[in-house]
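Data block below; observations after.
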Amino acid sequence: MLKICCIGAGYVGGPSCAVIAFKCHDIKVTIVDLNQARIDAWNSDRLPIYEPGLDEIVFARRGKNLFFSTDVDEAIREADLIFVSVNTPTKKSGMGAGMAADLAYIETATRRIAQVATTSKIVIEKSTVPCRTAQSMRTILEANSTKGIRFDILSNPEFLAEGTAIQDLFHPDRVLMGCLQTPEGLAAQQKLVDIYSRWIPRERVITMNLWSSELSKLAANALLAQRISSINALSAICEATGADVDEVAYACGTDSRIGPKFLKASVGFGGSCFQKDILNLVYLSEQLFLPEVAAYWKSVVTMNEYQKMRFTHRIVRTLFNTVTNKRIALLGFAFKKDTGDTRESAAITMCSYLIQEHAQLAVYDPKVPPKQIIADLIEPGVGTNEVEVKKHVSICSSAYEACVDADAIVICTEWDEFKMGALDYQRIYASMNKPAFIFDGRLILDAPKLREIGFKVETIGKST
Ligand code: NAD
Ligand code: UDX
């Protein structure tokens, strides 16, 4: 029986390797992590991450050919293929702080493989890493390999998006793979191609050299984020001119060269990947003495920060230039719908700005635990401390509860349950202070209908 080990039971390692187990019953998949609580949750009825369709897949294969464990060494020892799917966050201190990827987790996992392995392994870089990281991994592994053991390294970046991870893993646009163009490298790559080809059409499995594969992952995220910053930049022009950003996006998106996806204006992109990976690209460009290239990509992040600040300023300005002690219902805290993940969520920045303006925030999100919301707001660097957060933030258990006595509602995440048919906006209006304002940061509401009810509506990318 072919054995796969995945190091890192997070948002990528968990779903991506659970899907391999689901699609290939004859492969034993063991997902390991150092975090005992996370592994306990994977082994319980309440999985550590919320992702539509994930429960069914895990519950169908767990204990059969899918296992979750903290015994990293044993899983490494018995595996033929090892996915390294650990976190690669932006460095917080030292060289490249605030830009470069922290590769400490990658290196620790690689060294563990080198120390523990007693048979040859194919090591697969699943994490998003700077270009040429596979070279460092190879140096570490080869320096530690003993006679008769060889390590082949593949790059196999992941393109799943949270909230649609299972769909993305079942029907990916493409699976990308890179290897050293040697007979051994190509043979190792073929083994991974054979696994994915069980459920993905072969023509969608793209192979190339290692460095192109590593860079393509950063490039794809940078291009996606750039589209959002572009439409968000246009949303500012729309608000000032009377143009409607949805109409502009539609007009541009129907040009087949541009395409309609990823042109939704918003309060700004969040998530653990876009900002981190662009900054990683900026750092790489600087290291390569390409300052103009670095500045170009940096502007995508700068525009995103501007969008979050711009929308918050619009809220304060519209509420008669002061939100001091006003109750503001913040609907949605996750960085997008259908996930409980809050990493880099625009809601965090907006809450911080509004707390600094002395607002009273009533926050509701269907999937983010209250503890997480508080933890995010007191995280160093966010700009608000524990005392301020305690004083200014209350967490609610429904949208209705958040809106009672509120002066304004701010839609931060596009959850379906905040849409017009799903929430009774008439009831909400009746429970609010007047004038009752709604700020739609996700373009999910029907402004004319809300105005009929009596709301004052402000929408991103539209003038009032
Ligand atoms: P995550 O933080 O959710 O999970 C990483 C896990 O690795 C953690 O549970 C951590 O405890 C574990 N870990 C770290 N070092 C370890 C070690 N030495 N041994 C065992 N376990 C270890 O991160 P994630 O969101 O799953 O992201 C993982 C990688 O995939 C990152 O490089 C990220 O950029 C990339 N990626 C993420 C997404 C996404 O949507 N989240 C999508 C594509 C790619
Ligand atoms: C992203 C990439 O899409 C995925 O391929 C990669 O593997 C990981 O990073 P993710 O961050 O999970 O995935 O979600 P995504 O759907 O890309 O959304 C990222 C952010 O952009 C969210 O905050 C979302 O709300 C925002 N967004 C997305 C917009 O504001 N407008 C859009 O049109 C699309």
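The values are calculated or read from the model by the stated rules, or taken from the named source; none is laboratory data. The structure presented is a predicted model; accordingly, all values stated were derived computationally and were not measured. Positions of Cβ are backbone-derived with ideal geometry, glycine not excepted, and every protein chain shown enters the neighbour counts. What goes into the accessible areas is simple: the full protein's heavy atoms, side chains included, and nothing from ligands, DNA or RNA. Shrake-Rupley method; radii C 1.70, N 1.55, O 1.52, S 1.80 Å.
State yes or no: is residue 45 open to solvent by 50 Å² or more (accessible area, probe 1.4 Å) and either of a type in the set (A, V, I, L, M, F, W, C) or farther than 30 Å from residue 214 by Cβ (or both)? Answer is yes for this residue.
Looking only at segment 252-280, count every residue that is among the acidic types (Asp, Glu) and surrounded by 13 or more Cβ atoms within 10 Å (Cβ to Cβ) and tell me the total.
Here is the first cut: in segment 252-280, the residues among the acidic types (Asp, Glu) are 255, 277.
Adding the requirement that they be surrounded by 13 or more Cβ atoms within 10 Å (Cβ to Cβ) leaves 277.
Residues flagged as among the acidic types (Asp, Glu) and surrounded by 13 or more Cβ atoms within 10 Å (Cβ to Cβ) within segment 252-280 amount to 1.
Scanning segment 57-89 for residues that are open to solvent by 40 Å² or more (accessible area, probe 1.4 Å) and within 16 Å of ligand 2 (Cβ to nearest atom) returns 87, 89.
In this structure, is residue 124 among the aliphatic types (A, V, I, L, M), more than 24 Å from residue 284 (Cα to Cα) and at pLDDT 95 or above?
Numbers: among the aliphatic types (A, V, I, L, M): yes; more than 24 Å from residue 284 (Cα to Cα): no; at pLDDT 95 or above: yes.
No; evaluated as a whole, the condition is false for this residue.
Let me confirm something: among 269, 320, 274, which residue is more than 16 Å from ligand 2 (Cβ to nearest atom) and among the aromatic types (Phe, Trp, Tyr)?
Details: 269 fails: more than 16 Å from ligand 2 (Cβ to nearest atom); 274 fails: more than 16 Å from ligand 2 (Cβ to nearest atom).
Only one candidate qualifies: 320.
What is the residue count in segment 433-459 for residues that are of a type outside the set (Asp, Glu) and either outside any loop (DSSP other than H, G, I, E, B) or in contact (Cβ under 8 Å) with a residue 60 or more places away in the chain (or both)? Reasoning before the result, please.
Within segment 433-459, the first condition is being of a type outside the set (Asp, Glu), and the residues that meet it are 433-439, 441-445, 447-451, 453-457, 459.
If we keep only those that are either outside any loop (DSSP other than H, G, I, E, B) or in contact (Cβ under 8 Å) with a residue 60 or more places away in the chain (or both) as well, we get 433, 437-439, 441-443, 447-451, 453, 456-457, 459.
Residues that pass the stated criteria total 16.
Restricting the search to strands (runs of 3 or more DSSP E) fully inside segment 330-414 and requiring at least 2 residues that are of a type in the set (Val, Ile, Thr), modelled with pLDDT of 95 or more and within 16 Å of ligand 1 (Cβ to nearest atom) gives an empty result. Scanning segment 7-29 for residues that are more than 16 Å from ligand 2 (Cβ to nearest atom), open to solvent by less than 10 Å² (accessible area, probe 1.4 Å) and closer than 18 Å to residue 127 by Cβ yields 9, 18, 20, 29.
With the requirement that a residue be in a helix (DSSP H, G or I) and open to solvent by less than 10 Å² (accessible area, probe 1.4 Å), what does segment 151-171 give you? Please lay out each step first, then the result.
Going through segment 151-171, the residues in a helix (DSSP H, G or I) turn out to be 165-170.
Across segment 151-171, the qualifying residue is only 165.
Of the set (1) within 16 Å of ligand 2 (Cβ to nearest atom); (2) under 30 Å from residue 391 (Cα atoms); (3) out of contact with any Gly (no Cβ under 7 Å at 6 or more places or on another chain), all apply to residue 315 but (1).
Could you tell me whether segment 371-389 includes any residue that is among the charged types (D, E, K, R), within 26 Å of residue 272 (Cβ to Cβ), open to solvent by 40 Å² or more (accessible area, probe 1.4 Å) and over 26 Å from the mean Cα position of the chain (by Cα)?
Our first condition is that a residue be among the charged types (D, E, K, R); within segment 371-389, this holds for 371, 376, 379, 386, 388.
Next, only the ones that are within 26 Å of residue 272 (Cβ to Cβ) stay: 371, 376, 379, 386, 388.
In the following step, the residues that additionally are open to solvent by 40 Å² or more (accessible area, probe 1.4 Å) were identified as 371, 379, 386, 388.
Now restrict to residues that are over 26 Å from the mean Cα position of the chain (by Cα): 388.
Yes: segment 371-389 contains one or more residues that are among the charged types (D, E, K, R), within 26 Å of residue 272 (Cβ to Cβ), open to solvent by 40 Å² or more (accessible area, probe 1.4 Å) and over 26 Å from the mean Cα position of the chain (by Cα).
Once segment 219-238 is narrowed to residues that are open to solvent by 40 Å² or more (accessible area, probe 1.4 Å) and more than 23 Å from residue 176 (Cβ to Cβ), the residue that is farthest from ligand 2 (Cβ to nearest atom) is 237. Residues satisfying the criterion are present in segment 415-428 (criterion: in contact with a helix residue (DSSP H, G or I) (Cβ under 8 Å, 6 or more places away or on another chain), under 24 Å from residue 304 (Cβ atoms) and in the same structural domain as residue 345 (by TED's automatic domain parsing)). Only a single item in (1) open to solvent by 30 Å² or more (accessible area, probe 1.4 Å); (2) under 18 Å from residue 339 (Cβ atoms) is not met by residue 292, and it is number (2). Out of everything in segment 26-77 that is in contact with a Gly (Cβ under 9 Å, 6 or more places away or on another chain) and of a type in the set (D, E, K, R), what residue ends up being farthest from ligand 1 (Cβ to nearest atom)? Filtering first and then ranking leaves 51. Determine whether segment 206-214 contains at least one residue that is of a type in the set (A, V, I, L, M) and surrounded by fewer than 20 Cβ atoms within 10 Å (Cβ to Cβ). Yes, that holds for at least one residue.
Matching residues to (1) surrounded by 14 or more Cβ atoms within 10 Å (Cβ to Cβ); (2) farther than 27 Å from residue 229 by Cβ; (3) in contact with a Leu (Cβ under 8 Å, 6 or more places away or on another chain); (4) among the β-branched types (Val, Ile, Thr):
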position: 423; (1), (2), (3), (4): yes, yes, no, no
position: 447; (1), (2), (3), (4): yes, no, no, no
position: 450; (1), (2), (3), (4): yes, yes, no, no
position: 453; (1), (2), (3), (4): yes, yes, no, yes
position: 458; (1), (2), (3), (4): yes, no, no, no
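Residues are listed down the side, and each one gets a yes or a no for (1) within 30 Å of residue 152 (Cα to Cα); (2) among the aromatic types (Phe, Trp, Tyr); (3) in contact (Cβ under 8 Å) with a residue 40 or more places away in the chain:
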position: 225; (1), (2), (3): no, no, yes
position: 237; (1), (2), (3): no, no, no
position: 241; (1), (2), (3): no, no, yes
position: 250; (1), (2), (3): no, yes, no
position: 254; (1), (2), (3): no, no, no
position: 275; (1), (2), (3): no, no, yes
position: 283; (1), (2), (3): yes, yes, yes
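For segment 195-212, the condition of being more than 16 Å from ligand 2 (Cβ to nearest atom) and small (Gly, Ala, Ser) holds for at least one residue.
Name the residue that is nearest to residue 123 (Cα to Cα), counting only residues in segment 173-189 that are open to solvent by 20 Å² or more (accessible area, probe 1.4 Å) and within 14 Å of ligand 2 (Cβ to nearest atom).
Taking segment 173-189 first, the residues open to solvent by 20 Å² or more (accessible area, probe 1.4 Å) are 173-174, 180-184, 186-187.
In the following step, the residues that additionally are within 14 Å of ligand 2 (Cβ to nearest atom) were identified as 173-174.
Details: 173: 24, 174: 20 Å.
Among those that are open to solvent by 20 Å² or more (accessible area, probe 1.4 Å) and within 14 Å of ligand 2 (Cβ to nearest atom), it is 174.
Could you tell me how many of the residues in segment 354-370 are within 14 Å of residue 325 (Cα to Cα) and either out of contact with any Lys or Arg (no Cβ under 8 Å at 6 or more places or on another chain) or hydrophobic (A, V, I, L, M, F, W, C) (or both)?
First, pick out the residues of segment 354-370 that are within 14 Å of residue 325 (Cα to Cα): 354-362.
If we keep only those that are either out of contact with any Lys or Arg (no Cβ under 8 Å at 6 or more places or on another chain) or hydrophobic (A, V, I, L, M, F, W, C) (or both) as well, we get 354-359, 361-362.
Adding up the residues that qualify gives 8.
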